[in-house]
Structures are given as structure tokens and as C-alpha cells.
Amino acid sequence: AQSVTQPDIHITVSEGASLELRCNYSYGATPYLFWYVQSPGQGLQLLLKYFSGDTLVQGIKGFEAEFKRSQSSFNLRKPSVHWSDAAEYFCAVGFYGQNFVFGPGTRLSVLP
Amino acid sequence: DTAVSQTPKYLVTQMGNDKSIKCEQNLGHDTMYWYKQDSKKFLKIMFSYNNKELIINETVPNRFSPKSPDKAHLNLHINSLELGDSAVYFCASSQEGAGGNTIYFGEGSWLTVV
């Protein structure tokens, strides 16, 4: 069965520092890939998605992610983190005709 | 205009009670879902409906019963609530099935069973 891993449960960065959140999936075919963000007490908001084409995708709030087929990864990056980026981040994987699988999430804390 | 709205946002109730959470989407989507997020933030799908028909019914106690009166609404009724039902329940929707389509989430309903 397909699975999604986010190796880092909790990451702390200083404001202004760069950020990379890791996501790996396990499946034979290339899936559809998503990153969602959940701010405290809120629902999930889509940051970006990859369906096909350019493997570097741009999202909202200055985030980007790169799909690397050889590594089965879809890591999320941001060059300069803001305090408001503190949240829970979920990677999700979808396959046509099947349901989403969410990763366990990575909690991001931002130091002033 | 909220795309996926669910009520109530917070619900505190006693064990053994029956409660419902309502969900509505105004995106014109065909498919709606209920997800459960536990205390460790893990998201797990409970149900999926496509045009009012049940598509996915994961291993969920039969105390949980979804009802879809039309394709814009998917309500969740829970009978005989237990302490372990305390969680955040998210309603969501997508155009057709998920996989290749983005899922849009509601704000969540925080259920606490005491």
C-alpha cells in the first residue's frame, strides 16, 4: 500500500532562516503531490501541488517544492521563514481514482 | 464566502450522548469527505461520498453514520459517544474523486467527550 513519510516530527528555525521540510512517498507510479498547512486551531490550507510538468512548483506564501522522482521525494522549501509560518505541515499523495494519503505532519516552530 | 463550512466548531459533550456535525460546500464539487484528526495530528479518512453515494467507508465504528441529503451536504452523526471519539473532525470536498483533484477542507470541528 502507498505510504507517505515526513521524517521530521518537529523542526525549529529562526525567523529569516531558510526552511526545508521533507516528504517521501512509497508507490510504483508517479502520484499527485500536495502540501497543506494547518495553523493552530484552523483547517488545512493548500500550499501547492504537483501534477506533472516542471518539477519545481511555486505555491502561496513564498513556498516552493521540488519533485524528485529518483528519490520519491517532494520537499517543501522557503528561503526566509516568517514567524507567521509556525504551523503544522502535511504532505499528501494522491493517485487517480484512489484516495489521498496524508503524511504524519511536521510541526514548525519559529524563533524570533 | 466560505467554501467548505462545518458546524459546530467546538462541541463538548458527555459520554453516551448522540451528536451531529453538519457540513456544506458551495464549490459545486461532486465528492465530500469526513476526516478525523487525532491528538497526534494524524489525519485519517473516515468516509467519502460521491454524488450522495457512499464510496469509501474506512474501518470506523458503526456508531458513526454519515448522511448526504444532496451533493452539497455531508453530515456526520455519532451515536453513544466515547472518550476516544475526542478529536478534530474535518469535512472536505473535491471535484470528482480525490487523487488527481485538490481537496478543500473545512475549518474543523473540535469534539471533546467528557
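The values are calculated or read from the model by the stated rules, or taken from the named source; none is laboratory data. Given the structure is predicted, the values throughout are model-derived calculations rather than measurements. Here the Cβ is made from the backbone with ideal geometry for all residues, glycine too, and neighbour counts use every protein chain on show. In case anyone asks, the SASA skips ligands and DNA or RNA and just uses the protein heavy atoms, side chains included. Shrake-Rupley method; radii C 1.70, N 1.55, O 1.52, S 1.80 Å.
Overview of results
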| quantity | calculated |
| --- | --- |
| Positions within the stretch A:1-10 being assigned to a strand (DSSP E or B) and open to solvent by less than 40 Å² (accessible area, probe 1.4 Å), in sequence order | A:V4 |
| Tally, over the stretch B:1-39, of residues that are closer than 15 Å to A:G43 by Cα, outside any strand (DSSP E or B) and open to solvent by 80 Å² or more (accessible area, probe 1.4 Å) | 2 |
| In the stretch A:40-50, the residues that are open to solvent by less than 50 Å² (accessible area, probe 1.4 Å), within 16 Å of B:A92 (Cβ to Cβ) and out of contact with any helix residue (DSSP H, G or I) (no Cβ under 9 Å at 6 or more places or on another chain) | A:G43, A:L44 |
| Every residue from the stretch A:91-109 that is assigned to a strand (DSSP E or B) and within 7 Å of chain B (Cβ to nearest Cβ) | A:G94, A:F102 |
| Test: residue in the stretch B:66-73 that is farther than 29 Å from A:V4 by Cα, open to solvent by less than 70 Å² (accessible area, probe 1.4 Å), touching a Leu at 6+ places or on another chain (Cβ under 6 Å) and of a type in the set (G, A, S) | yes |
| Per-region count, the stretch B:40-56, residues assigned to a strand (DSSP E or B) and open to solvent by less than 90 Å² (accessible area, probe 1.4 Å) | 9 |
| Enumeration of residues in the stretch B:95-109 that are within 8 Å of chain A (Cβ to nearest Cβ) and not hydroxyl-bearing (S, T, Y) | B:G97, B:A98, B:G99, B:G100, B:N101, B:I103, B:F105, B:G106, B:E107, B:G108 |
| Selection from the stretch A:79-95 of residues that are surrounded by 14 or more Cβ atoms within 10 Å (Cβ to Cβ) and aromatic (F, W, Y) | A:Y89, A:F90, A:F95 |
| Qualifying positions in the stretch A:11-32 - outside any loop (DSSP other than H, G, I, E, B) and within 11 Å of another protein chain (Cβ to nearest Cβ) | A:Y32 |
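Each row is one residue, and each column tells you yes or no for (1) modelled with pLDDT of 95 or more; (2) open to solvent by 40 Å² or more (accessible area, probe 1.4 Å); (3) among the hydrophobic types (A, V, I, L, M, F, W, C).
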position: B:I78; (1), (2), (3): yes, no, yes
position: B:E82; (1), (2), (3): yes, yes, no
position: B:V88; (1), (2), (3): yes, no, yes
position: B:Q95; (1), (2), (3): no, yes, no
position: B:G99; (1), (2), (3): no, no, no
position: B:F105; (1), (2), (3): no, no, yes
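Yes/no per residue for (1) open to solvent by 60 Å² or more (accessible area, probe 1.4 Å); (2) in contact (Cβ under 8 Å) with a residue 24 or more places away in the chain:
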| site | (1), (2) |
| --- | --- |
| A:T12 | yes, yes |
| A:L19 | no, yes |
| A:A29 | no, yes |
| A:Q38 | no, yes |
| A:S52 | yes, no |
| A:E66 | no, no |
| A:R77 | yes, yes |
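Rundown of residues vs (1) within 11 Å of another protein chain (Cβ to nearest Cβ); (2) within 11 Å of the chain's Cα centre (by Cα), yes/no style:
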{"position": "B:D18", "(1), (2)": "no, no"}
{"position": "B:K22", "(1), (2)": "no, yes"}
{"position": "B:I45", "(1), (2)": "yes, yes"}
{"position": "B:N62", "(1), (2)": "no, no"}
{"position": "B:I78", "(1), (2)": "no, yes"}
{"position": "B:L81", "(1), (2)": "no, no"}
{"position": "B:D85", "(1), (2)": "no, no"}
{"position": "B:S93", "(1), (2)": "no, yes"}
